[in-house]
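Here, each number is a calculation from the coordinates, and none is a lab measurement. Quick caveat, the model's predicted, so the values are computed rather than measured. Please note: Cβ atoms are built from the backbone with ideal geometry, for glycine as well, and neighbour counts cover all protein chains shown.
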Amino acid sequence: MSLLRTSFPGSGDFAPLFRLLDDYDDHRSSRNQSAVRSFSPRFDIRESEEAYHFDGELPGIDQKDIDIEFSDPQTLVVKGRSEREYHTEPSAEAKEGTKDNETKPTHRFWASERSVGEFQRVFSFPTPVDQLNVKASLKHGILSINVPKATAATSKKITIE
């Protein structure tokens, strides 16, 4: 489902319904994937007179793990992968009890709520865009993409020599 639909005037009343449908679609697709879990990062999409602006939440994902490309002249694809990382050190007692040839103690999860796995978002534009001047940045877990609109073709008179 394209999120651009929710950005049109008068659709604010339906935004929660679109989000619910997106969540349901994510849930259905994740039930069919047993080996690779996926998630769908959330994006805010704004339109100005000269460009489309995307701001998506990708916390903890490195720039090298994100791909942004056009699958056709009107379709932008943002995809990547998120993996779990843990930065807590084992206690001193656990370190003493583990010898070099033994495996590290395993953890028992009480909750596992972080989004991990592969993701892909596809956005279709209602007007032509300038693919050559797209700019993207990743700061503090927010991916910002600026997609300029294509300038209107101007007519040019050709003189016969």
| query | When a footprinting reagent is the concern and you count Cβ atoms within 10 Å, what order do F125, F54, F39, F109 take, fewest first? | reply | F109, F39, F125, F54
| remark: Taking a crude spin-label model, label points 7 Å out from Cα along the C-beta direction, the A153 to F39 distance in nm is 4.4 nm
| field | Residue-span extension gain [L138 to D23] - 0.36 nm each, minus C-alpha spacing | value | 38.9 nm
| request: With θ set to phi - 60°, apply the Karplus curve 6.51 cos²θ - 1.76 cosθ + 1.60 along region 146-151 and write out the HN-Hα couplings as whole Hz, x wherever there is a Gly or Pro. | output: 10, 10, x, 6, 6, 6
